[in-house]
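These notes are about the structure you will find just below.
Please treat every number below as a calculation from the coordinates, not as lab data. In this text the structure is predicted, and so the values were computed from the model without any measurement. As a convention, Cβ positions derive from the backbone with ideal geometry for all residues, glycine included, and neighbour counts pool all protein chains shown.
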Protein chains: 2
Amino acid sequence: MTDECNRSTESALEILVGKWKPVILFQLFNNGTMRFSELQRAMPQITKKMLTAQLRELEYHDIVHRKIYMEVPPKVEYSITEYGLQMAPVMMALADWGDSHIKHLDEIYGEERTGKLN
Amino acid sequence: MTDECNRSTESALEILVGKWKPVILFQLFNNGTMRFSELQRAMPQITKKMLTAQLRELEYHDIVHRKIYMEVPPKVEYSITEYGLQMAPVMMALADWGDSHIKHLDEIYGEERTGKLN
DNA sequence: CCGAATCCTAATCGATACTG
DNA sequence: CAGTATCGATTAGGATTCGG
């Protein structure tokens, strides 16, 4: 049971984990459909390699849909799948709790803390 | 706003992420107070180094409490803090969605899939 | 414009041995 | 019993270059 819970949780975390996954998801959740280049502009720090890799994983998990237009120059659009929309509550829960957690850490360690563990 | 959500989410993920964090949390949530050796027995694969490291991080985040008994041989007990209990809903949400997600992947790729992306 | 391929660094994870 | 220290293996992340 505990073991089962853990498999489930890790399966869920697989999707959220990665330096860019949450950002990408927030972008797509907020803006609906976005082109590859739009995503890149929205996240100036990300490299094409990373963006592609993370999108592929999200696509594999059926969270993100990839629509290819057969034209020149190439055009590819990404959007959250219907199934992906179901994880909105999880994202909200994480963002909510994370928000209160940031405040909690500030109370404990003060505003001047580095945020890093030694 | 999106940016703020993202900081919050990543702050939350910081806590859950790590190969052993979820397991440790499930153990402590289910069993209440546990000694170091009990945790080890519950997770035969984990090394002492990893167990210590993950517990320290959880302690830093005020999710886990560490109680040291000054006796010989040493005795240290770990438990979820009051604040830590507040993240129970998040854990539940993750486990729930992860569970349904596993089933969803099975539907898409079939039971025989490896679970790995290429 | 949207990637794939290559190479490299940094962080994470793990096996083993040692200590108060 | 409950750790720390050290080292090697593995993986995630990034810079750059090339191609359809």
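Residues that are within 13 Å of DNA strand C (Cβ to nearest atom), exposed (fewer than 14 other Cβ atoms within 10 Å of the Cβ) and under 19 Å from residue B:1 (Cβ atoms) are absent from segment A:21-29 altogether.
Do you know which residues across segment A:74-83 are under 20 Å from residue B:107 (Cβ atoms) and touching a His at 6+ places or on another chain (Cβ under 8 Å)?
Those that are under 20 Å from residue B:107 (Cβ atoms) and touching a His at 6+ places or on another chain (Cβ under 8 Å): A:80, A:81, A:83.
When segment A:37-65 is limited to residues that are surrounded by fewer than 17 Cβ atoms within 10 Å (Cβ to Cβ) and more than 14 Å from chain B (Cβ to nearest Cβ), the one that is farthest from residue A:12 (Cα to Cα) turns out to be A:37. For segment A:1-20, a residue qualifies if it is in contact (Cβ under 8 Å) with a residue 40 or more places away in the chain and either within 11 Å of DNA strand C (Cβ to nearest atom) or not small (Gly, Ala, Ser) (or both), and the qualifying residues are A:14, A:15, A:16.
Surrounded by 15 or more Cβ atoms within 10 Å (Cβ to Cβ), of a type in the set (Ser, Thr, Tyr) and more than 10 Å from chain B (Cβ to nearest Cβ): is that true of residue A:81 in this structure? Before the answer, list the steps.
Numbers: surrounded by 15 or more Cβ atoms within 10 Å (Cβ to Cβ): yes; of a type in the set (Ser, Thr, Tyr): yes; more than 10 Å from chain B (Cβ to nearest Cβ): yes.
So residue A:81 fits the description; yes.
Give the number of residues within segment B:16-43 that are part of a helix (DSSP H, G or I), among the aliphatic types (A, V, I, L, M) and within 11 Å of DNA strand D (Cβ to nearest atom). It would help to see each step written out before you state the result.
If we filter segment B:16-43 for residues that are part of a helix (DSSP H, G or I), which is where we start, we get B:16, B:21-31, B:36-42.
Okay, now just the ones that are also among the aliphatic types (A, V, I, L, M), so B:16, B:23-25, B:28, B:39, B:42.
Filter again for within 11 Å of DNA strand D (Cβ to nearest atom), leaving B:39.
Looking only at that region, the number is 1.
What residue, among those in segment A:8-36 that are within 7 Å of chain B (Cβ to nearest Cβ) and not polar (S, T, N, Q), is farthest from residue A:73 (Cα to Cα)? Here the residue is A:10. Restricting the first member to segment B:40-59 and to residues that are closer than 30 Å to residue A:104 by Cα and in contact (Cβ under 8 Å) with a residue 12 or more places away in the chain, and the second to residues that are near DNA strand C (Cβ under 10 Å from one of its atoms) and in a helix (DSSP H, G or I), the beta-carbon pairs closer than 6 Å and six or more apart or on different chains are B:54/B:21.
One line per residue, one yes/no per condition, for (1) more than 7 Å from DNA strand C (Cβ to nearest atom); (2) assigned to a loop (DSSP other than H, G, I, E, B); (3) within 16 Å of residue A:21 (Cβ to Cβ):
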{"position": "A:45", "(1), (2), (3)": "yes, yes, yes"}
{"position": "A:50", "(1), (2), (3)": "yes, no, yes"}
{"position": "A:54", "(1), (2), (3)": "yes, no, yes"}
{"position": "A:59", "(1), (2), (3)": "yes, no, yes"}
{"position": "A:62", "(1), (2), (3)": "yes, yes, yes"}
{"position": "A:67", "(1), (2), (3)": "yes, no, no"}
{"position": "A:71", "(1), (2), (3)": "yes, yes, no"}
{"position": "A:76", "(1), (2), (3)": "no, no, no"}
{"position": "A:84", "(1), (2), (3)": "yes, no, yes"}
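Residue A:83 meets all of the listed conditions (1) without any contact (Cβ under 8 Å) to a residue 60 or more places away in the chain; (2) within 16 Å of DNA strand D (Cβ to nearest atom) but one, namely (2).
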